[in-house]
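Q: First the structure, which I've put down as structure tokens, then a few questions once you've had a look.
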Amino acid sequence: MVTVPWAPEYPVVTPRLRLRPHRLDDLDDLLRFHSDIEVVRYIPWPVRTRSQTEAALEARTRQGVVFEPGQWLVLAMELDGRVIGEMLLKYDSETDARGELGYAMAADVEGHGYATEAARAMLDLAFGPFGLHRVVARLDARNGASARLLTRLGMRQEAHLREDEYFKGEWTDTLVFGILASEWPARPPRPPHPSAQEAPE
Ligand SMILES: CC(C)(COP(=O)(O)OP(=O)(O)OC[C@H]1O[C@@H](n2cnc3c(N)ncnc32)[C@H](O)[C@@H]1OP(=O)(O)O)[C@@H](O)C(=O)NCCC(=O)NCCS
């Protein structure tokens, strides 16, 4: 069962990274990928200026705690003191205990498995202490790196939606990947969904 407000214990430590809430002094690191046209190509942000990144960062400093459905937990991925990217987990639905995974990373650190490592930690949190039942990811069908990442995590492609979004000036296809708590191997035990407890004997 999901209980809010919720936040993991920080920092969340993975073999090479620390995941933690953003701080205002992350600005230079964030600007490096928020202002990169290649990084934002398939995500719903513009190429950000320094002041736009500053505003985005200011919002992120309050996104280390989830208070209600609809909110994103947004964590900085820190490698040796540098913020190389961010991991996002949306608390999508209380009734359905469903979340959504998202991520973005600086181009110069791609290809080392950092995003996979951080996303694994997010799914551990999602299906462990947060108590979600299902996590999805939605991505532009042309985003091969993202689809490969989700496949590496063991997520399953469940839909290919044709031209369902008018995105950055064109109609685009969306892929939906999903995984259930029962399919997540490292999942620690969690209590049953409340509806199971309410079922008549
Ligand atoms: C999506 C994104 C995070 C993927 O980055 P990535 O570097 O490919 O992912 P990882 O950090 O997990 O690295 C995996 C790659 O490194 C390789 N790799 C090297 N060492 C590795 C290791 N120890 N463990 C896992 N993979 C490793 C893998 O083979 C893989 O390469 P491949 O996909 O060509 O086979 C990145 O492209 C990005 O930020 N894109 C822009 C933002 C975006 O589109 N976000 C998604 C919106 S849905």
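Read-outs throughout are calculated quantities, based only on the coordinates presented, and are distinct from any laboratory measurement. If you're wondering where the values come from, they're calculated on a predicted model, not measured in any experiment. Note that we place each Cβ from the backbone using ideal geometry, even for glycine, and neighbour counts take in every protein chain shown.
Q: If you check Leu24, Leu31, which single one turns out to be buried (at least 18 other Cβ atoms within 10 Å of the Cβ) and out of contact with any Pro (no Cβ under 9 Å at 6 or more places or on another chain)?
A: Leu31
Condition check ((1) under 22 Å from His22 (Cβ atoms); (2) charged (D, E, K, R)) across all residues:
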| position | (1), (2) |
| --- | --- |
| Tyr91 | yes, no |
| Glu94 | no, yes |
| Tyr103 | yes, no |
| Glu110 | yes, yes |
| Ala119 | yes, no |
| Val136 | no, no |
| Ala145 | no, no |
| Arg148 | no, yes |
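Q: I'd like to verify a number: residues in region 148-169 that are away from the ligand (no atom under 16 Å from the Cβ) and not in a loop (DSSP other than H, G, I, E, B), how many?
A: Summing the residues that are away from the ligand (no atom under 16 Å from the Cβ) and not in a loop (DSSP other than H, G, I, E, B) in region 148-169 gives 3.
Q: Let me ask another. State yes or no: is Gly99 surrounded by 19 or more Cβ atoms within 10 Å (Cβ to Cβ) and not charged (D, E, K, R)?
A: yes
Q: A follow-up question, please. Quick one: in region 30-45, of everything that is within 14 Å of the ligand (Cβ to nearest atom) and part of a helix (DSSP H, G or I), which residue is farthest from the chain's Cα centre (by Cα)?
A: The qualifying residue farthest from the chain's Cα centre (by Cα) is Arg32.
Q: Next question, about the same structure. For region 44-73, which positions are under 17 Å from Ala7 (Cβ atoms), surrounded by 20 or more Cβ atoms within 10 Å (Cβ to Cβ) and in contact with a His (Cβ under 7 Å, 6 or more places away or on another chain)?
A: Arg60
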